Structures are given as C-alpha cells and as structure tokens.
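What follows is one structure encoded as structure tokens, with my remarks underneath.
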Amino acid sequence: MTTIFGASHVLSHLDWLESEAIHILREVAGQCENPALLFSGGKDSIVLLRLAEKAFRPGRFPFPLLHIDTGHNYPEVIAFRDRRVAELGERLIVRSVEDSIARGTVVLKSPNESRNRHQSVTLLEAIEEFGFDACIGGARRDEEKARAKERIFSFRDAFGQWDPKNQRPELWNLYNARVHKGEHMRVFPISNWTELDVWQYIAREGLELPSLYFAHPRAIVRKNGVLRPVTPLTPAREGETVEIVNVRFRTIGDITCTAPVESTAATVEEIIAETATMMLSERGATRLDDQTSEAAMELRKKEGYF
Amino acid sequence: MNRPESLPQIDHGVLRFLTCGSVDDGKSTLIGRLLHDTQSILEDTLHVISNTSRKRGLDAIDLSLLTDGLIAEREQGITIDVAYRYFSTGTRKYIIADAPGHEQYTRNMVTAASTADLAIILVDARHGVLPQTRRHSVIAHRLGIGHLVVAVNKMDLCDYAQSVFEGICSDYLDFARLAGIDDVRFVPISALKGDMIVERGDHLAWHQGPTLLEILENAPAAHTEHAEPFRFPVQYVCRPRQSDDPRLHDYRGYMGRIESGEIAVGDTVTVLPGGRTTRVVAIQQGGVSLPAAIAGQSITLLLEDDIDVSRGDMIARPEALPQVSDTIAAELCWLAEKPLDARRTYLIHHTTRDVRARLTGGMETFDLVTLHHVTTDTVRMNDIARVHFRLARPIFADRYEENRATGAFIVIDEASNDTVGAGMIL
C-alpha cells in the first residue's frame with residue numbers, strides 16, 4: 001500500500017497517481033448526472049476499470065461502460081472485453097461504426113480504410129442517444145502534444161468539438177463539470193500518467209490484459225520502419241515481403257491502424273524493463289494514423305475524437 | 001503477481017513544479033534540456049524536432065521545439081495555454097506545468113501555479129531582474145508555492161561571469177525582502193549548453209551549490225513540511241442497498257480524499273455542517289481496510305453513528321475545525337474576458353461544495369509590481385483583487401495561507417458555465 005508510511009508522509013508515485021484518479025472519478029459521480037466510461041479492452045481502459053473499482057466498491061459503478069466498436073478489432077480483445085465486464089457485473093453498451101455506416105452517417109472512401117477516425121461519429125451518436133453529460137476516457141497527456149494541453153475535465157460543445165484556445169481554466173483540484181443540455185465533458189483521470197506508470201500499475205495490481213500485449217510470433221510486413229500486421233483486412237500487397245516476427249502491441253485499436261513493435265517481452269515485468277529503456281514513443285511507433293501529419297491528433301480532437 | 005524488480009527502491013513520490021519566464025528567457029530550451037538530459041525524450045520525437053530544426057536552418061537541435069504545441073501556436077510563435085510535461089529520475093516523478101510568460105497571461109500562470117510545489121523563475125543573465133520576474137515571483141508566492149528557485153540563464157552569453165550571477169542574486173533578494181518571499185535558491189545555468197542543469201558542465205566551476213536537478217530531487221513534497229489539521233470533504237456517499245450481500249444493506253461509506261492531516265480508526269470526528277461528533281470505525285480503500293490514512297489518499301470512511309452525511313459536507317476533528325462562514329474575504333484572480341460584474345450572483349465551488357455568492361463592500365486591485373492595493377470598481381481579466389463575498393450557505397474553510405485545499409475556490413458563471421475566477425481565502 002502506502003510506502004514509507006509513518007516514517008515520512010509521502011505517497012509513492014503510483015499511490016499518488018491512483019489517488020488523484022480516484023478523486024477525479026468520484027468528482028464525475030458527484031457532479032455529473034449521466035456519465036459513461038469508455039472501455040475498449042485496451043490497457044489504459046483496463047487501468048480505468050481498476051481505478052473505478054477502487055473508487056466505488058462495494059457499490060456499483062455510477063455509470064455504464066461504453067465501447068465504440070469499429071468492427072475492425074482483434075477477436076481476443078473483444079473476448080477479453082466481454083469476460084472482464086462479466087466479472088465486474090457492470091453494464092456494457094456497445095455501439096458500432098458498422099451501424100453508423102448502415103445509417104449513412106459514416107461514409108467510407110474505401111471499404112477497408114481505417115475506421116479509427118470514424119469512431120468520433122459513432123461516439124457522438126451514442127452520447128446523443130443516451131444523453132451522456134460526461135464520458136470518461138483513458139487518454140494520457142504524454143501520448144501526444146495536443147493532449148499535453150488538454151484539461152482533465154475537457155469541455156465539448158453541442159457538436160462534440162474541442163476548442164484548444166477556449167478551454168476552461170483548471171485550478172487546484174477543483175473541477176467544473178457543468179454543461180448545458182447537448183454539451184458534454186470528456187474526463188481523463190489518468191492524464192498525468194506516463195506509459196511506464198501504466199505498466200508499473202498493471203504489475204502492482206496484477207491486472208490481466210489481452211494476450212496481444214505480450215510477445216508472440218506474427219506475420220508482418222515492414223513499411224517505413226513500422227511493422228504492419230498481415231490480416232484479412234490488411235493483406236500483404238504485391239511486392240511486399242511477409243515475415244514472421246516476435247512482436248507485441250503497445251496500443252490496441254482498429255486493426256488497420258495499430259502496429260506492433262518487435263519484442264521478446266512476454267511478461268509485465270519484461271515489458272516494464274523494455275519500456276524504461278524504450279527509444280520510440282508509444283504513438284510514434286505504433287499508430288499509423290498519427291503519422292499522417294505532425295498535427296493529426298489536434299485536428300481529429302477538434303472534430304470530437306477522443 | 002509479485003512486485004516487479006523495476007519499481008524504484010526509493011520512491012520520493014511526485015513533485016509538481018512550474019517554470020516561469022518569457023519566450024526569450026529560454027524557458028522552452030530549459031524544459032527541453034531537462035527532458036533531454038534525464039533521457040526522457042524518445043528517438044522518434046528527437047527525429048521530428050531535428051528535422052524541423054534543419055528545415056529552419058539551425059545547426060544544432062532546437063530543444064525548445066519539444067514544447068511547441070498546437071498549430072495555432074506554431075503559426076504565431078507563442079504559447080497559448082498551460083502544457084504539462086513529465087519526466088522521471090528513477091527516484092521521483094516530475095510534473096512540469098509550462099505556463100506562457102506574456103504579461104497578459106497571468107491567468108495561465110495562476111492556473112499552473114495552483115497545483116505546483118515549487119517554481120523555477122527564469123532570469124536572463126543579460127537583463128537581470130525585470131518587472132516580469134517580480135510579477136511571476138509574486139504570483140507564485142501568493143499562490144502558496146513554498147519554494148522558489150531563481151535560475152539565472154544564458155550564463156554562456158555573459159562569459160559565465162560569477163559577478164553577473166551575484167549581482168542578480170543580490171537584486172532579487174532586495175525585492176524578495178519587500179515581497180515577503182523568504183525561501184529562495186539561486187542557480188546559474190545555461191539551458192542551451194546544458195551547464196548546471198542535470199550535469200555541472202565545465203564553465204561554472206565557481207558555483208559551489210547544487211545543480212538545478214539536485215534542487216528538484218531534494219525539494220520537500222506537499223504535506224510533508226508541517227502538521228496540518230485533518231480535512232475530509234465528502235465527495236460521494238456509497239449506499240449499496242440493492243446489493244445481493246445482506247451485510248451491505250446498512251453500509252454507508254463516505255468517500256473522498258484526505259486534503260490534509262491524517263486519520264486513524266478510532267479517532268473522534270465532527271461532521272459539518274451538522275456538527276455531530278462520532279468515531280471512525282473503518283477506513284477502506286478498494287475493499288481493503290487500512291488502520292490509518294494520510295493526506296493525499298482517496299479513501300472511504302465508515303462512522304460509528306448513523307448520521308445524515310452528503311456530498312459537500314466536511315469531516316474534521318473536533319479540536320481543529322475549519323471556519324464555518326457565510327461571508328469570506330478573498331484574493332481573487334479574474335480569468336474571464338468579461339469583467340467581474342458586482343451586481344451579479346456567481347457560483348462558488350469550494351472543496352466539494354457549490355454555493356451562490358454575491359459581492360459585498362469595496363474591491364481593491366493588487367499591483368504585482370508596486371505591491372500596493374488600489375481601490376477599484378472594475379476587476380478585469382488578469383487582475384488580482386481583494387474582494388468580499390456573501391454566501392447563500394456556509395462553507396467550511398481555512399485561510400489559503402494555512403491550507404491550500406480548503407482555502408481555494410473557483411468562481412463559475414452560471415449563465416455560461418465557465419470558470420471565471422480563482423479565489424484564495426484571506
């Protein structure tokens with residue numbers, strides 16, 4: 001638990017981060033009428049669920065879990081998601097990009113293109129359908145420079161847009177979650193965590209993760225220094241060489257835009273050791289969608305992306 | 001699962017600090033240098049900024065590009081908002097609040113300072129102590145930051161002259177005495193060359209004191225310096241009545257974070273506003289019972305007697321209660337473009353309590369350079385003013401000087417829902 005307890009009144013860095021996140025989750029519960037927690041089966045949202053347990057048990061979570069399904073997921077992740085939800089006994093809402101495509105609110109340029117960006121449309125539709133006034137997400141400020149400037153309680157207008165120049169000042173630990181009807185907050189309880197903090201917390205809490213996070217052999221092609229997994233959605237193109245390589249995923253999202261890294265780390269401890277000496281940043285190495293332009297994330301966030 | 005080997009053996013927790021200075025003081029370069037020399041910059045990020053540096057015709061990597069954020073900022077070459085950066089030394093995790101230094105951005109600095117334990121005030125060795133240096137120092141001090149570090153930068157442009165450094169220290173101390181700032185440390189640095197930041201370098205051999213990073217590593221974290229009274233604002237009440245477990249039908253857990261002080265099972269506590277006194281029968285965190293808990297921990301308290309407690313109430317010890325008051329005097333920093341309207345009712349958010357508030361009596365703005373108060377009838381964005389509020393319901397508060405968590409509040413405009421003011425109770 002608390003290290004150095006008694007001797008000196010200092011919380012270890014993980015205890016400090018955990019405590020801050022629990023405080024944020026309870027503020028959402030205290031201030032918002034109809035929040036939801038975004039759960040994808042990825043490691044950051046798995047951490048969020050543990051934090052929610054610490055914040056609200058023995059009670060139920062004061063919010064449902066929401067997954068925006070791109071339809072391009074690894075089956076292990078979906079199986080993991082459903083098992084975790086069943087263990088927790090909480091309510092899961094799934095809304096899929098597929099349905100938005102059928103409705104015509106998402107229009108694809110090509111049938112197999114990345115649906116990562118289109119999640120924003122489905123998410124905003126779900127927010128409207130259920131009237132959510134807050135969505136809790138696992139984004140972190142160390143992921144990307146637009147995120148570095150985002151508030152913990154981040155206001156979205158009636159179109160779901162983030163306006164970086166017009167954010168509410170956020171002082172002390174006093175959060176202002178007030179919104180008018182149709183507007184909502186995005187809330188990021190692990191804003192101040194780094195990738196290493198997340199892995200150290202996963203280790204300390206003994207959290208289970210989808211197997212994709214650990215080293216395994218996989219067919220890939222190399223492209224501009226990034227490994228692209230070979231899947232039915234992303235087959236090898238002509239002239240590309242398919243290799244079987246030991247890899248693990250550092251982030252998990254839409255199949256078409258999430259790349260693994262070469263690794264032999266098969267346990268959380270080995271991943272921590274690797275992360276501590278890692279030479280590539282998480283998004284740089286693994287997100288094909290953030291490489292499009294230096295400002296890609298900022299532009300997507302303004303449209304309502306997480 | 002076992003605790004991993006790679007968790008640090010000594011963990012000095014988290015230190016939050018703020019860097020103040022203008023674009024020209026080399027603030028971005030300093031932050032870039034701290035990140036770079038603590039090996040916190042990853043290869044792909046370095047690759048991007050070295051490309052950009054080359055495109056701009058520079059010979060060396062411009063470390064200031066690391067903190068370059070949004071498109072609008074790059075277009076205008078300015079910083080428009082507070083950004084947060086992270087690095088870790090293995091013994092401590094650091095959160096840097098990077099606040100823009102322009103005069104008109106007092107509100108950003110106040111925001112960044114509100115959560116910081118320490119402030120680095122950057123001074124350009126060629127220019128010495130400027131009005132802006134004084135303004136930043138006064139804000140940091142007023143926001144309750146206990147430790148100020150004056151980093152005299154660009155020593156490389158002054159031949160690393162000891163006399164330049166000592167002259168600036170002496171000027172700053174003259175001002176600090178007037179402003180009532182007593183905990184100041186000085187360090188000569190070159191952010192560009194990396195002297196006396198993480199490494200000592202070869203040019204400042206005359207400096208006997210610690211490097212900037214050594215100062216950060218040894219600075220005390222919040223809540224460690226003096227005993228504070230127990231303050232527990234109730235955030236949320238847990239009543240799992242519908243649970244399948246019959247033992248939980250009468251469960252009432254009061255959830256919140258200990259803002260200051262400590263608590264142990266068996267301690268006597270008083271619940272405000274009711275004033276009823278009872279005992280703590282259990283302290284829980286995530287289903288685990290703890291014998292005691294300290295400031296900063298988010299916990300659940302179970303009380304012996306069945307008292308009506310709800311969000312916004314405050315649990316404290318009977319021998320050291322906060323002030324219960326429906327009028328407050330405060331120093332207010334105005335954050336909104338629309339000036340403070342003395343005729344309007346605002347909402348004050350203090351700990352976990354929201355109350356309506358109206359101004360009463362006169363207002364005085366505080367001049368950050370002359371340190372004088374001047375009577376005024378308007379308070380505009382970036383002004384710091386002394387005001388009085390009458391509250392619709394009492395709050396449970398301490399003076400900000402004595403307790404940051406229970407002395408601070410934000411002001412919300414109910415029409416726009418914006419956060420328009422930041423207040424510190426006098």
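The values are calculated or read from the model by the stated rules, or taken from the named source; none is laboratory data. The structure presented is a predicted model; accordingly, all values stated were derived computationally and were not measured. Here Cβ is always computed from backbone atoms with ideal geometry, including for glycine, and neighbour counts include all displayed protein chains. Please note that ligands, DNA and RNA were not included when accessible areas were found on the heavy atoms of the full protein model with its side chains. Shrake-Rupley method; radii C 1.70, N 1.55, O 1.52, S 1.80 Å.
Please turn the phi angles of region A:46-60 into ³J(HN,Hα) values with the Karplus equation 6.51 cos²θ - 1.76 cosθ + 1.60 (θ = phi - 60°), one per residue in order, whole Hz, x for glycine and proline.
So the J values, rounded to whole Hz, are 5, 5, 4, 5, 5, 5, 5, 4, 5, 6, 10, 5, x, x, 6.
Quantify how much of the Cα-Cα distance distribution of region B:84-132 extends past 15 Å, in percent.
In whole percent, the long-distance tail amounts to 57.
Region B:205-278: percent of C-alpha pairs farther apart than 20 Å?
Roughly 58 percent, once rounded to a whole number.
Over all alpha-carbon pairs of region B:348-399, lay out the pair-distance distribution in 10 Å bins, whole %, shortest bin first.
Result returned by the calculation: 22, 42, 32, 5.
From other protein chains only, count the Cβ atoms within 10 Å of every residue's Cβ in A:48-55, then give the mean.
Mean partner shielding for this stretch: 3.
Please identify every one of the trypsin sites (Lys or Arg not before Pro) in region A:1-105 that sits in a loop by DSSP and has no more than 13 other beta carbons within 10 Å of its own beta carbon.
Counting only loop positions with at most 13 other Cβ atoms within 10 Å, the trypsin sites (Lys or Arg not before Pro) in region A:1-105 are A:91.
Hey, what D do you get for chain B in µm²/s if you plug the Kirkwood alpha-carbon radius into Stokes-Einstein at 4 °C and 1.567 mPa s?
The estimated diffusion coefficient comes to 54 µm²/s.
Report the rotationally averaged projected area of region B:14-218 based on its alpha-carbon convex hull, in square nanometres.
11.1 nm²
What shape does region B:239-316 have by the C-alpha gyration tensor, where a ≥ b ≥ c are the square roots of the eigenvalues, rounded means a/c under 1.5, and otherwise prolate means a/b greater than b/c and oblate the rest?
Oblate is the answer for region B:239-316, as a/c is 1.5 or above yet b/c matches or exceeds a/b.
Rank by packing, highest mean first: peptides B:175-181, B:402-408, with packing defined as the count of other Cβ atoms within 10 Å averaged across residues.
Highest to lowest by the protection proxy: B:402-408, B:175-181.
Which FRET efficiency value, to the nearest 0.05, do you get for residue B:304 and residue A:277 by plugging their Cβ-Cβ distance into 1/(1 + (r/R0)^6) with R0 = 41 Å?
0.20
Checking buried surface per residue: for region B:393-426, which residues lose a minimum of 50 Å² accessible area in the protein assembly relative to the chain alone (1.4 Å probe)?
Residues meeting the cut-off: B:410, B:417, B:419.
State, to one decimal in nm, how far the label point of residue A:238 lies from the label point of residue B:360, with both points 7 Å from Cα in the Cβ direction.
8.4 nm
State the percentage of accessible surface on region B:323-425 attributable to carbon and sulfur atoms; use a 1.4 Å probe and exclude ligands, DNA and RNA.
46 percent
What does the structure give for A:145-153 when I average, per residue, the other chain Cβ atoms found within 10 Å of the residue Cβ?
5
In nanometres, what is the gap between the two model label sites at residue B:199 and residue B:323, each 7 Å from Cα along Cα-to-Cβ?
Reported label-point gap for residue B:199 and residue B:323 is 5.3 nm.
Among the trypsin sites (Lys or Arg not before Pro) within region B:190-253, which fall in a DSSP loop and have no more than 16 other Cβ atoms within 10 Å of their own Cβ?
Answer in residue order: B:200, B:241.
Write down, largest first, the equivalent ellipsoid semi-axes of chain A in whole Å, where each equals the square root of 5 times an eigenvalue of the alpha-carbon gyration tensor.
Taking √(5λ) for each eigenvalue gives 30, 25, 18 Å, largest first.
Of all accessible surface on region B:14-218 at a 1.4 Å probe, what whole percent is carbon and sulfur?
Here it works out to 47 percent.
Which whole number gives the average, over all residues in A:60-69, of C-beta atoms from other chains lying within 10 Å of the residue C-beta?
1
Can you give the charge dipole size of region B:323-425 about its Cα centre, rounded to the nearest 20 debye, using +1 on the beta carbon of Lys and Arg and -1 on the beta carbon of Asp and Glu?
That gives a dipole near 320 debye.
Grab the beta carbon distance between residue B:159 and residue B:375, set R0 = 41 Å, and tell me the FRET efficiency rounded to 0.05.
0.25
In deg cm²/dmol, rounded to 500, what helix-only [θ] at 222 nm does the protein assembly as shown give when every DSSP H run of at least 4 residues adds -39500 (n - 2.57) and the total is split over its residues?
The per-residue figure over the protein assembly as shown is -7000 deg cm²/dmol.
Can you tell me the Rg and Dmax of region B:323-425, counting just the alpha carbons, in angstroms?
12.7, 36
Compute the relative contact order of chain A as a whole-number percentage, counting only Cα pairs closer than 8 Å that sit 6 or more residues apart in sequence.
The normalised contact order for chain A reaches 19 percent.
Report the label-to-label distance for residue B:244 and residue A:109 in nanometres (one decimal), using points 7 Å from each Cα along the Cα→Cβ vector.
In this crude label model, residue B:244 to residue A:109 measures out at 5.0 nm.
Quote to one decimal, in nm, the extra length available between residue B:227 and residue B:282 on full extension: 0.36 nm per residue of separation minus the C-alpha distance between them.
17.5 nm
Mind checking Rg over Rh on region B:168-259, alpha carbons, Kirkwood formula for Rh?
1.34
For the interface of chains A and B, what total accessible area is buried with a 1.4 Å probe, rounded to the nearest 100 Å²?
6900 Å²
Rg and Dmax of the protein assembly as shown, using alpha carbons, in Å: what are they?
25.8, 79
Normalised by the number of residues in chain B, what is the relative contact order in percent for Cα pairs under 8 Å and 6+ residues apart?
Averaging sequence separation for qualifying contacts and normalising by length gives 12 percent for chain B.
Can you work out the FRET efficiency for the pair residue B:251 and residue B:338, with r the C-beta to C-beta distance and R0 = 51 Å, to the nearest 0.05?
It comes to 0.65.
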